[in-house]
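Right, one structure below, let's go through it.
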Amino acid sequence: MHSETRRRFLKTSAGAAFAATLAGTVGETLTGATPSPAALPIKKGILLSMLPASLSYGERLALAHEIGFEVLQAPTEPDQGKAEELKKAADAAQIRIDSVMNMDHWKYPLSSSDPAVVEKSLAGMRTSLHNAKLWGSDVVLLVPAVLDPQTSYRDAWTRSQREIRKLLPLAEELKVVIAIEEVWNRFLLSPLEMAKYIDEFQSPWVKAWFDVGNVLLYGYPQDWIRTLDKRIVKVHLKDFKRNKDSYAWVNLGDGDVDWAAVREAFAAIHYTGSATVELEAGDEAYLRDVSRRVDRLLLNRS
């Protein structure tokens, strides 16, 4: 492009861009409207345990899909027959089981000084990882340690990391991420600490599972999200209400979570994974209300 032509082009383009911006600004001023945030590209999930237990797997998953949930988190299933039945039900309902909630990490923590307890925990994780492979899931949730009067913080850190490293070859073979969750276990009490814990593995098969409600007693979810950033592979949604003399888990939007700040934080880190509701079980009307709350509070969907 010749220099004179290029100058005319730039002048024309700049003028057109300015005019478009001015028109938009004037239009917003005249109408009183402000741009609404875009809908987040996050998949809406639900726990299997939230669905009515009186229904079959097929009926439960069909209900979840019909209500608008896109993915499911299922607990560890050691019974191979039941695991295959759940897989068939998910395929029929066209809802993906995208994660597994490991079930033995509280009763048999990896931070225990008892080798028998640790081995039970490792066995439970191996089952969870194989469940994930069968179901087509890409993540298993793990609570890495549980502190008690007999377990120091340092021991919980070193013991749990040592045992998790034993699982990494299987995780890599099955292509399933081990996601560390922050819970009320007196461990990993800040986002900087959790980031360091995960980074020390130097493995793409260890990431963070972030729970929005769990950090409200000692932090701010939006701060954790921005600090953990790309380490976050999956998310739990719940809300928490602090009263003068008590506190309680409540429905989404009824607690102290600043959902606008949480939504902005997820947008800032360009999170595109799933966000799974972790609340009490309930009937269809309750579940429909929960689904609408996720749309309104987090996903910005109408």
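Given q = 0.16 Å⁻¹, what are the Debye log10 I(q)/I(0) values for the range 142-290, with equal point scatterers placed on the Cα positions and solvent ignored?
-0.94
Just want to confirm a number: the relative contact order over the range 209-302, from Cα pairs under 8 angstrom separated by 6+ residues, in percent.
Dividing the mean separation by the residue count of the range 209-302 yields 29 percent.
Going highest first, how would you order 173-180, 151-158 by mean Cβ packing within 10 Å? Intermediate values should be presented prior to the final figure.
On the way: 173-180: 20.8, 151-158: 15.5.
Going by the mean number of other Cβ atoms within 10 Å, highest first, we get 173-180, 151-158.
Show which aspartates and glutamates lie in cross-link reach of K166 when reach means a straight Cα distance below 16 angstrom and same-chain residues fewer than eight apart are skipped.
Result set, ordered by chain and number: E119, E200.
Which chymotrypsin sites (Phe, Trp or Tyr not before Pro) from the range 214-256 combine a DSSP loop assignment with at most 11 other Cβ atoms within 10 Å?
Hits after loop and neighbour filter: Y218.
Ignoring any ligand, DNA or RNA, what whole percent of the accessible area of the range 38-119 comes from carbon and sulfur when the probe is 1.4 angstrom? Don't jump to the answer; show the numbers that get you there.
Working: 2070 of 3790 Å².
So the carbon and sulfur contribution to the accessible surface is 55 percent.
Please list the non-local residues whose amide H lies under 5 Å from the amide H of V139, H modeled 1.01 Å from N, same-chain partners needing a gap of 5 or more.
V100, V177
Against the longest principal axis of the chain, how steep is helix 3-31, in degrees 0 to 90 to the nearest 10, with axes from Cα atoms?
Helix 3-31 sits roughly 70 degrees off the main axis of the chain.
Would you mind checking K175/K230; K107/K244; K82/K234; K107/K207; K107/K230; K207/K244 for any pair whose Cα atoms are more than 27 angstrom apart?
Exceeds cut-off: K107/K244; K107/K230; K207/K244.
What is the angle, in °, between the Cα long axis of helix 284-294 and the longest principal axis of the Cα atoms in the chain? Nearest 10 is fine, range 0 to 90.
50
What order do you get for 264-271, 196-203, 208-215 when each peptide is scored by the mean count of other beta carbon atoms within 10 Å, highest first?
208-215, 264-271, 196-203
Report, ordered by chain and residue number, the aspartates and glutamates lying within cross-link reach of K120, taken as a straight Cα distance under 13 Å and ignoring same-chain residues fewer than 8 apart.
D104, E163
Write down the accessible area per residue of the chain in Å², having rolled a 1.4 Å probe over the full set of protein chains.
50
What translational diffusion coefficient, to the nearest whole µm²/s, does the range 62-205 have by Stokes-Einstein, given a Kirkwood radius computed over alpha-carbon pairs, a temperature of 10 °C and 1.306 mPa s viscosity?
Working: Rh = 15.9 Å.
It diffuses with D of about 100 µm²/s by this estimate.
Helix 80-93: angle to the longest alpha-carbon principal axis of the chain, degrees 0 to 90, nearest 10?
20
Listed here are the pairs K196/K238; K44/K87; K43/K88; which of them are more than 23 Å apart at the Cα?
K196/K238
The values are calculated or read from the model by the stated rules, or taken from the named source; none is laboratory data. Fair warning: this is a prediction, and the values are worked out from it, not measured in the lab. With ideal geometry, Cβ positions are generated from the backbone for all residues, glycine too; neighbour counts draw on all protein chains shown. With ligands, DNA and RNA removed, areas are computed over all heavy atoms of the protein, side chains included. Shrake-Rupley method; radii C 1.70, N 1.55, O 1.52, S 1.80 Å.
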